[in-house]
Amino acid sequence: MSEDLKDEKQTPNSPDEEGYGFSADLFHAVEDALEESRVAEVEDLVEGLHEADTADLLESLGREERQLLMEIMGAGFDPEILPYLDETVREEIVEWLGPAGFAKLVQALDSDDAVELVQELDEDMRIHILAALPQAYRRVIEESLSYPEDSAGRLMQREIVAVPSVWTVGETIDYMRVTDSLPDDFYDIYIVDPRHHPVGFIPASRMMRSVRSVRLDRIMEEDMRVIPLDLDQEDVAHMFRQYDLISAPVVEKSGRLVGVITIDDVVDVIDEEAGDDLMKMGGVNEADFYDDVADTTKSRFTWLAVNLVTAVMASAVIGLFDATIEKVVALAVLMPIVASMGGNAGTQTLTVAVRSLAMKNLSEINASRFISKELIIGFINGGLFALLTGSVAWFWFGQPDLALVIAAAMIINMVVAGLCGALIPLGLEHFKIDPAVASSVFLTTVTDIIGFFAFLGLATFFLL
């Protein structure tokens, strides 16, 4: 390899081994250049970066460095960077740019990206941003914001390629070449009737392979998945996943075509929903990574307070058997094992249940089969670990009665853990409560209380 090629390969803003443009070398190079006010070098380093990589760079920098980089980029800041930014970092940029500056960037984006950015602003800033937008564009954004949050109406792109079925391929291609209101990227051309109802679609690839004289109704696909405006984004994602869609038309109640949802937005929804569920199960949120210490501490306090209450409840159960523990000290050593095993077993079932509910794989149709399966698994694992822990307890303390007690408690708690790990998320889903939010708290409480009560209760009955 020549020296020139080596130098080119090792340039800080060249892709790393995994193919990403943003690398540790680039970050440190930009950070050093910012610290020493080498403006021209910073411009060279960030020039040519993909919008997503630039967003990663901005997120990785500290607040002051981020502001300095924004000032250096100035009018050259690409609006396409904004959708890739974390919401917290984006809010900082809005503050620096002001309503007029941010509105100028927003109107350069496709409507779906613009709606996403505006809806995440606080109400006061949103009003100022909307007021700074051109009237026609503001009406489009406000109409999209009038739809329910996390609905297809919020997710869809208003720019769409829709043509009548009586047109030919040639007429359609000529129309697309001269029309400025089309989206930058699209996958399907939608065919509409005189009432603007979608009646079919033609993949762009098929359109380009067809001769100009062919009428659209001869080559269009009529089997089409249509999305209602108010459909929840999780259901939209499920539809795309279920039918391997690339794009899908969105219609209002009358059946009139009003927009389109594309796969890139659905990927973002799937990632957002999965990440949101994971964060909720831990009682945190995505902004914790960028918030300051005070805000993060405050947001986590409530969840920890709930866990404190459940811990007190479990301790209260132990308190009921304090006399038993005083007489048989070995119980204090062994009882965390029962509760811990039940909690871990229940979490396994809970994780499967929550994910299956999110993926629409678990429903009333197969709920009973899932519950039965988890009960059987809980009983089998309970029996196996009863033999194991019972043997350990017998060897450790030399008391066969104690070994039988912990074995029986292990079976009881493992069965209860499997049952509750399935029933809790199903019950929360039935009452329209997000299972990812509260399931783990309920499960931990149940397995701790049942585990302690079963073990100490059996010990009181058989050992005293």
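The values are calculated or read from the model by the stated rules, or taken from the named source; none is laboratory data. Only a predicted model underlies this, so the values are computations on that prediction, with no experimental measurement involved. Quick reminder, even Gly has a Cβ in these numbers, built from the backbone with ideal geometry, and neighbours come from all protein chains shown. To get the accessible areas, we keep the full protein, side chains included, count just its heavy atoms, and leave off ligands, DNA and RNA. Shrake-Rupley method; radii C 1.70, N 1.55, O 1.52, S 1.80 Å.
In table form, for the structure just shown:
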{"read-out": "Test set (1) in a loop (DSSP other than H, G, I, E, B); (2) at pLDDT 90 or above; (3) open to solvent by less than 20 Å² (accessible area, probe 1.4 Å) - GLY283 fails condition number", "value": "(2)"}
{"read-out": "Looking only at the range 57-66, and only at residues there that are loosely packed, with under 15 Cβ neighbours inside 10 Å and part of a helix (DSSP H, G or I), the one that is farthest from the chain's Cα centre (by Cα)", "value": "GLU64"}
{"read-out": "Residues of the range 239-257 satisfying the condition of being crowded, with 21+ Cβ neighbours inside 10 Å and either over 18 Å from GLU159 (Cβ atoms) or hydrophobic (A, V, I, L, M, F, W, C) (or both)", "value": "PHE240, ALA248, VAL250, LEU257"}
{"read-out": "Pairs where the first residue, in the range 319-345, is within 12 Å of GLY451 (Cα to Cα) and surrounded by fewer than 13 Cβ atoms within 10 Å (Cβ to Cβ) and the second is modelled with pLDDT of 95 or more and among the basic types (Lys, Arg), C-beta under 6 Å, 6+ apart", "value": "none"}
{"read-out": "Hits in the range 380-419 (condition: open to solvent by less than 30 Å² (accessible area, probe 1.4 Å) and of a type in the set (A, V, I, L, M))", "value": "ALA386, ALA393, LEU402, ALA403, VAL405, ILE406, ALA407, ALA409, MET410, MET414, ALA417"}
{"read-out": "Every pair of residues 6+ apart whose Cβ atoms lie under 8 Å, when the first sits in the range 292-305 and is under 18 Å from GLU91 (Cβ atoms) while the second is open to solvent by less than 80 Å² (accessible area, probe 1.4 Å) and of a type in the set (S, T, N, Q)", "value": "SER299/ASN285"}
{"read-out": "Residue in the range 363-379 that is open to solvent by less than 70 Å² (accessible area, probe 1.4 Å), free of Cβ contacts under 8 Å to residues at least 60 places away in the same chain, among the β-branched types (Val, Ile, Thr) and more than 24 Å from ALA438 (Cβ to Cβ) present", "value": "no"}
{"read-out": "Candidate set: the range 291-314, residues that are within 18 Å of ALA339 (Cβ to Cβ) and touching an Asp or Glu at 6+ places or on another chain (Cβ under 9 Å); chosen: the one least open to solvent (accessible area, probe 1.4 Å)", "value": "ALA314"}
{"read-out": "Odd one out for GLU143, checked against (1) over 23 Å from VAL42 (Cβ atoms); (2) open to solvent by 70 Å² or more (accessible area, probe 1.4 Å); (3) more than 27 Å from the chain's Cα centre (by Cα)", "value": "(3)"}
{"read-out": "Residues satisfying the stated conditions in the range 439-464, i.e. under 25 Å from ALA353 (Cα atoms) and either of a type in the set (Asp, Glu) or free of Cβ contacts under 8 Å to residues at least 12 places away in the same chain (or both)", "value": "ASP448"}
{"read-out": "Residue within the range 101-111 that is closer than 19 Å to PRO249 by Cβ, in a loop (DSSP other than H, G, I, E, B) and out of contact with any Ser or Thr (no Cβ under 7 Å at 6 or more places or on another chain) present", "value": "yes"}
{"read-out": "Test: residue in the range 106-118 that is among the charged types (D, E, K, R) and surrounded by fewer than 17 Cβ atoms within 10 Å (Cβ to Cβ)", "value": "no"}
{"read-out": "Strands (runs of 3 or more DSSP E) contained in the range 157-211 and holding at least 1 residues open to solvent by 30 Å² or more (accessible area, probe 1.4 Å), without any contact (Cβ under 8 Å) to a residue 60 or more places away in the chain and closer than 24 Å to GLU252 by Cβ", "value": "162-164, 198-203"}
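Residues checked against (1) free of Cβ contacts under 8 Å to residues at least 60 places away in the same chain; (2) in a helix (DSSP H, G or I); (3) crowded, with 19+ Cβ neighbours inside 10 Å:
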{"residue": "HIS28", "(1), (2), (3)": "yes, yes, no"}
{"residue": "LEU34", "(1), (2), (3)": "yes, yes, yes"}
{"residue": "GLU43", "(1), (2), (3)": "yes, yes, no"}
{"residue": "ALA52", "(1), (2), (3)": "yes, yes, no"}
{"residue": "ALA55", "(1), (2), (3)": "yes, yes, yes"}
{"residue": "LEU68", "(1), (2), (3)": "yes, yes, no"}
{"residue": "MET73", "(1), (2), (3)": "yes, yes, no"}
{"residue": "LEU82", "(1), (2), (3)": "yes, yes, yes"}
{"residue": "THR88", "(1), (2), (3)": "no, yes, no"}
